[in-house]
Structure formats: C-alpha cells, structure tokens
C-alpha cells in the first residue's frame, strides 16, 4: 500500500469526521444548553426559539463555511486512474 492516494484519502476522511464532530457538538451545545429550560423562559430569534435558531440555522451556515474552507484549502484533487490507460486498481 505505497499508493499516496491512500494517505490523502485518510487525511480527508479524518477532516470529514472532525467536521461531523464539530457539527454535533455545536448542535448539542445550543439545542440542549439553551433548550433544556421551561418553554416560558425561551428567547426567540426571528420567531423561532433561540436554541433552534442557533443550533440548526446558524450551525448550518457555520459548518457550511468550515466545509468550504476545508475543501478549498485542505482537500486535493487526485487522479483515480492507476496508469495512463485509464484502468483503476
């Protein structure tokens, strides 16, 4: 397994897992941190409970931004063909 594509694929998979963990921590922190109290104490942002707005709406855009940054700067475009003939392993 001296193929350098495996190293690139493992690194990019690790970045994807880290982004998924960040997304879960963001969502869990806001959803259960702000949404665990009584409903009468909820604060609202644009008509939505603040816990939902920050965990689902803002969280989506934060993760989207992080994903764009990772794809633009950390992911590589690698050929999938093994040789010039176009046959893959």
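Among the criteria (1) in contact with a helix residue (DSSP H, G or I) (Cβ under 9 Å, 6 or more places away or on another chain); (2) at pLDDT below 90; (3) assigned to a loop (DSSP other than H, G, I, E, B), the one residue 81 does not fulfil is (1).
Yes/no per residue for (1) surrounded by 10 or more Cβ atoms within 10 Å (Cβ to Cβ); (2) touching a helix residue (DSSP H, G or I) at 6+ places or on another chain (Cβ under 8 Å); (3) modelled with pLDDT of 95 or more:
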{"residue": "3", "(1), (2), (3)": "yes, no, no"}
{"residue": "7", "(1), (2), (3)": "yes, no, no"}
{"residue": "23", "(1), (2), (3)": "yes, yes, yes"}
{"residue": "35", "(1), (2), (3)": "yes, yes, no"}
{"residue": "41", "(1), (2), (3)": "no, no, no"}
{"residue": "62", "(1), (2), (3)": "yes, yes, yes"}
{"residue": "67", "(1), (2), (3)": "yes, yes, yes"}
{"residue": "89", "(1), (2), (3)": "no, no, no"}
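Looking at segment 12-27, which of its residues are in contact (Cβ under 8 Å) with a residue 12 or more places away in the chain and either touching a strand residue (DSSP E or B) at 6+ places or on another chain (Cβ under 7 Å) or farther than 24 Å from residue 51 by Cβ (or both)? Residues satisfying the conditions are 12, 15.
The values are calculated or read from the model by the stated rules, or taken from the named source; none is laboratory data. Not measured: the values here are computed from a predicted model. For neighbour counting, all protein chains shown are included, and Cβ atoms are generated from backbone atoms with ideal geometry for every residue, glycine included.
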